[in-house]
Amino acid sequence: MALEAWLTLLQAAQQIQTRPWLDALKRCGSVEALLAEAPRVLEGRDGAAEALAKIAAPDRAALDRWQRWLSSASRALITFGSRDYPPRLAELPDAPLALWVEGRERTLLAAPQLAIVGSRSPTADGRQTAEQFARYLAQRGLTITSGLATGIDGASHRGAVDALGGTVAVLGGGLDVIFPREHASLAAEIASRGLLVSEYAPGVEPQKLFFPQRNRIIAGLALGTLVVEATRRSGSLITAHLALDYGREVFAIPGSIHNPLARGCHLLIRQGAKLVEEAADVLVELAPQLEAEGVVLAAAPPESETGESSPVTSDPSYEKLLNALAFSPTPIVEICARANLTTAEVSSMLLLLELEGLVEALPGGRYSRLGKKN
C-alpha cells in the first residue's frame, strides 16, 4: 500500500537530509521503487545504516500512531509528485518529501500566496501594519502564509482570518504540538478556515534547527515574501534570502533609522528588495505573475476610517502634541520642548493617546506615534 510505503520512507528519511531522497525519488518514479533501491541510494552516506534499518524493520507503533492521526477527514499526508502537492514548492531543489496538513482548504497550497514574516517582538506599529496588510491582501484574494510564531507571524495570520481570507501556517514541529502554546486557539481557527502545514510528523517536538528548514517551505510556497520588522540577525531574513534564491519577489517595509527592528528591512532594500509603503504596492509588483496564472483579484475593499478623529484628538492641544511626536522613539523631555508643554501636561495627554491606540510607550521613558488605525 502506497501510504504504508510513504510512512516507512518518512521514518527512514529522518536519518538523512531530504535532497538525496528527493533526487532518488525523481529517478525511481515511485516510493516503492525507491525503498527497493535504498541500499544503493544511501551507499556511503552518513546515517545510512540507521535509515536502512528503519526500512527493513520500521517502528510499527509509530506507523500505527501516524495512521490514526491521518484517519480524520480534515488531515492528510500530501506526498511529492501527488496531485495535491503544491507546484511552486515542487520547484525547490530541497522540497519536502511530504507535507502533513490539517484543514479542509487544501487548494490553498496551490493558490497565489504572499508570505509575511518579521520580528517575534515587534513594535505595536509593526504588529498593526502586519495585520492591516494581511487583512487587505486577503480581502483581495491572496493567501497569507507565515510561521505561526509570536509577533508579526501571528498578526499576519490574524489579519487574514479576520478578513475571512485564506491563510497557511507552516510549523516547525508536528501539527499536534502547537508552538507557541499561546497560539493554540489561533491554530484552531486557521485549521477551520485555512491550513496548518508541516514536514514533521505528528508527535515531533519543535527544535531550533527545524525553523530554518521550515522557512524554506514558507518562502517556497509563496509568490513573494514581505518582511515587516526585523533586525539584521532575524530569522526572517533567512526566509527573505531563500525567497531571493528561489527567484521569488521580496518586499520590505522601511522604518525609522533609530528603530533596530527596521535595520533588517533596510538591509534587504539595499540588497534589492522592493520598498513598499502600502499593501497595494505588493499587488502592483505581483501583477505580472498573477496575470500569467490567470488570477483575478477581488475588488479593493472600501476605505476605512482612520480612527484618528476622536473626542481626545479633536482637542487642538492633542493635535499639537501628536504633531510634535515622531514615528521613532522620542524622549518625553524632547516632546515637551517641541510641544511647549509641561511634563505633567504631556504625561497625562500621552496616557490618553496611548489608550486611543495612537501612541506607544517604550522603555526608557520614550514614546512613538503609531500609524493610522482601521
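Brief remarks follow.
- Taking all Cα pairs closer than 8 Å and separated by 6 or more residues, the relative contact order of the stretch 316-369 comes to 44 percent.
- Total lysine pairs under 24 Å (Cα atoms) in the chain, excluding pairs fewer than 8 apart on one chain: 4
- When DSSP beta bridges are restricted to pairs lying wholly in the chain, around 40% turn out antiparallel.
- Principal-axis analysis of the Cα atoms of the chain puts helix 184-193 at an angle of about 70° to the longest axis.
- Note on R45 and A287: with the Förster distance fixed at 41 Å, the Cβ-Cβ geometry gives a FRET efficiency of about 0.40.
- Using every pair of distinct Cα positions in the stretch 81-207, the Kirkwood expression returns a hydrodynamic radius of 14.5 angstrom.
- Acute angle (nearest 10 degrees) that the helix 60-70 long axis makes with the longest principal axis of the chain, alpha-carbon atoms: 50 degrees
- Using alpha carbons only: equivalent-ellipsoid semi-axes of the chain, gyration tensor based, whole Å: 45, 20, 19
- The stretch 187-339 - percent relative contact order, Cα under 8 Å, separation 6 or more: 16 percent
- In the chain, the DSSP-assigned H stretches of four residues or longer account for a calculated mean residue ellipticity at 222 nm of -14000 deg cm²/dmol, using -39500 (n - 2.57) per stretch and the full residue count as denominator.
- Tilt relative to the chain, helix 210-221 - C-alpha long axis, 0 to 90 degrees, to 10: 80 degrees
- Remark: relative contact order (the chain) = 12 percent; criterion is Cα-Cα distance under 8 angstrom and separation of 6 or more residues.
- Two-site FRET efficiency, R232 against R60, from Cβ-Cβ distance with R₀ of 41 Å, rounded to 0.05: 0.30
- Peptides 42-50, 294-302, 29-37 ranked from most to least packed give 29-37, 42-50, 294-302, packing being the mean of other C-beta atoms within 10 angstrom over each peptide's residues.
Each reported figure results from applying straightforward, stated rules to the coordinates on display, with no laboratory input. Keep in mind that this is a model prediction, so the values were computed, not measured. As a convention, Cβ positions derive from the backbone with ideal geometry for all residues, glycine included, and neighbour counts pool all protein chains shown.
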